[in-house]
1. May I ask you to derive the FRET efficiency for residue 44 and residue 66 from their Cβ-Cβ distance with R0 = 30 Å, giving the value to the nearest 0.05?
2. Kirkwood Rh and Cα-based Rg: tell me the resulting Rg over Rh for region 8-65, rounded to two decimals.
3. With +1 on the Cβ of every Lys and Arg and -1 on the Cβ of every Asp and Glu, and nothing else charged, how large is the dipole of the chain about its Cα centre, in debye rounded to the nearest 20?
4. Which whole-number percent gives the relative contact order of region 70-127, counting Cα pairs below 8 Å spaced six or more residues apart?
5. Out of the chymotrypsin sites (Phe, Trp or Tyr not before Pro) in region 38-128, which ones are loop residues according to DSSP with at most 15 other C-beta atoms within 10 Å?
6. Do the sum for the chain: with -39,500 (n - 2.57) for every DSSP H run of n ≥ 4, divided by all residues, what is the mean residue ellipticity at 222 nm, to the nearest 500 deg cm²/dmol?
7. In degrees from 0 to 90, rounded to the nearest 10, what is the angle of the helix 45-69 Cα long axis to the longest principal axis of the chain?
8. Below 15 angstrom from the Cβ of residue 20, what's the summed charge of the other residues (Lys, Arg +1; Asp, Glu -1)?
Amino acid sequence: MKIFTPSIAARTSAELIQIVAVPENWDNEAVLQAKKELSMRGVDFQGLAVKAKHFYNRKETLQQLRRAKEAYSIADFIFSPVWTLLEILISWELKKDGYLRKAKQQKIFRAIILVIMVSIFLFCFFSNL
């Protein structure tokens with residue numbers, strides 16, 4: 001029997017219902033221990049688990065929508081320009097992670113940065129001639 005921190009028995013009934021409702025986020029042993037503990041407490045968790053699963057799914061959907069709509073703003077470039085530029089230049093998995101709008105902006109910013117770099121190179125090259 002695995003020991004979890006905090007232990008399954010020490011968790012609240014609401015936490016145990018979350019474990020039972022979303023078993024894919026937990027170890028199988030944790031789910032079994034949570035069901036056993038809820039039964040010992042006399043909690044009918046079947047109906048509550050369905051509601052908790054529905055709530056969890058809605059929460060996940062809202063988080064996905066937030067990520068999809070998240071975008072770079074001028075404030076990002078003003079208050080943390082280095083990190084923003086590093087994210088634009090180095091990060092390759094924005095679209096995979098669900099940041100659809102940022103991924104589109106990243107393509108545009110990379111093209112702009114490339115044009116600026118080529119322009120600077122050409123300017124320096126031709127100014128020395």
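1. 0.35
2. Result: Rg/Rh = 1.01.
3. Roughly 400 debye, rounded to the nearest 20.
4. On the way: 23 pairs, mean separation 20.3, N = 58.
35 percent.
5. 92
6. -23500 deg cm²/dmol
7. With rounding to tens, the tilt is 0 degrees.
8. So the surrounding residues net to 0.
A short reminder: the numbers here are calculations on the coordinates, not readings from a lab. This structure is a prediction, so every number in the text was calculated from the model and none was measured. Here the Cβ is made from the backbone with ideal geometry for all residues, glycine too, and neighbour counts use every protein chain on show.
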